[in-house]
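Visitor: Below are the structure tokens for one structure; questions will follow.
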Amino acid sequence: MFPGPTVSKMSTTTQQTPVAQAAAPAPTTTAPAQPTSRKALIELNSIAPDFEATTTHGPITFSKWHAGKWTILFSHPADFTPVCTTEFVEFAKRFEDFQRRNTQLIGVSIDSIYAHIAWTRNIEQTQGVKVQFPVVADLDQKVAQLFGLVHEPTSTTSAVRAVYFIDPKRAVRAIIYYPLNVGRNFDEILRVVDALQLADAQGVATPADWTPGQPVVLPAPTTTAGADERARDGKLQLTDWYLAKKKAEA
């Protein structure tokens, strides 16, 4: 089987400035040591941070709202911007596709609740689609800092386009980052959800460019006896003992 989710812990260290010797014969000027800091780093298979926030659907506690479902938490740079608007339209159009996969959506940006409400209403009026998922107001960057959404080489005031795939146990199973000027690929987002759910259900992996309905990859044997048995299995699409595919179970 493939390794299951594990929870990773992070630690931080601080440096202390050496104390100057009072009786030093020749005083020298020493630059103080710079304090070290470490931004939130969300690692694959770690537990997604919990938070409380104001959203367009009212106040939430993320762990309670998540409620054991698959969740896509995504960030966008700003309301009332062109690329973000096209993405919200696409999320709205595919809302039922995510629902069929038992997957809920929640958006985040460093904007006020009033901007979120005005923008989602404008999308409905101008694009003809209703935004049915909550959007977090994160003016204080609380959620952005928890999830590492602000990348300072890009911007100190806007989130990048991040997509976090969170499973029913609240483990972060996949992460995709896009720059500010590249819109997301929604076929890929749905494909990743399908692949993760299939892997969990059937203990398989998905090969390069896999799409639903195509053969899946079996875990490689871990013993010589298992390799011999795999090589004799005529029911599989066998390239060699370590690379075998089969049709996914219905």
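Visitor: So how do 215-223, 127-135 stack up, highest first, on mean other-Cβ count within 10 Å?
Guide: On the way: 215-223: 15.2, 127-135: 17.3.
So the peptides 215-223, 127-135, ranked by packing, come out 127-135, 215-223.
Visitor: Follow-up. From the phi angles alone, apply the Karplus equation (6.51, -1.76, 1.60; θ = phi - 60°) to the stretch 56-68 and give each ³J(HN,Hα) in whole Hz, x where the residue is Gly or Pro.
Guide: 5, 9, x, x, 9, 10, 4, 4, 6, 5, 4, 6, x
Visitor: Give the shape of the stretch 203-250 as rounded, prolate or oblate, defined through the alpha-carbon gyration tensor: a ≥ b ≥ c are the square roots of its eigenvalues, a/c under 1.5 means rounded, and otherwise the shape is prolate if a/b is larger than b/c and oblate if not. All intermediate terms of the calculation are to be shown ahead of the outcome.
Guide: Details: a/c = 2.30, a/b = 1.94, b/c = 1.19.
Prolate shape, in that a/c is at least 1.5 and a/b is the bigger ratio.
Visitor: List Thr211, Thr85 from most exposed to least, where exposure is judged by having the fewest other Cβ atoms within 10 Å.
Guide: Thr211, Thr85
Visitor: May I ask for the net charge around Arg161, where only other residues with Cβ less than 9 Å from the Cβ of Arg161 are counted and Lys, Arg are +1 while Asp, Glu are -1? Don't skip to the end; give the middle numbers.
Guide: On the way: positive: Arg184; negative: Glu87.
With Lys, Arg at +1 and Asp, Glu at -1, the net is 0.
Visitor: Now a separate question. From the cross-link list Lys169/Lys246; Lys64/Lys247; Lys64/Lys246; Lys69/Lys247; Lys69/Lys142, which pairs have alpha carbons spaced over 32 Å apart?
Guide: Working: Lys169/Lys246 28 Å; Lys64/Lys247 37 Å; Lys64/Lys246 38 Å; Lys69/Lys247 27 Å; Lys69/Lys142 23 Å.
Checking Cα-Cα distances, Lys64/Lys247; Lys64/Lys246 exceed 32 Å.
Visitor: On to the next question. Given 0.36 nm per residue, what is the gain on full extension from Thr211 to Ser63 after removing their alpha carbon distance, in nm? Kindly include the intermediate steps, with their values, before the conclusion.
Guide: Numbers: separation 148, 0.36 × 148 = 53.28 nm, distance 3.06 nm.
Taking 0.36 nm per residue and subtracting the Cα distance, the gain is 50.2 nm.
Visitor: Please state the shape class of the stretch 52-184: rounded when a/c is under 1.5, otherwise prolate if a/b exceeds b/c and oblate if not, all from the C-alpha gyration tensor.
Guide: On the way: a/c = 1.30, a/b = 1.05, b/c = 1.23.
Rounded, since a/c falls under 1.5.
Visitor: Using a Förster distance of 41 Å, how high is the FRET efficiency between Lys246 and Val182, based on the Cβ-Cβ distance and rounded to 0.05? Before the final figure, lay out the partial values.
Guide: Working: r = 35 Å, r/R0 = 0.87.
For Lys246 and Val182, the calculated efficiency is 0.70.
Visitor: Determine, for Phe80, Phe62, the number of other Cβ atoms within 10 Å of each Cβ, and report the residues in order from fewest to most.
Guide: Values: Phe80 12, Phe62 21.
Fewest-to-most ranking of Phe80, Phe62: Phe80, Phe62.
Quick note: the coordinates plus some simple rules give every number you see, no bench work behind them. Note that this is a predicted model, so its numbers are computed, not measured. All Cβ positions, glycine included, derive from the backbone under ideal geometry; neighbour counts span all protein chains shown.
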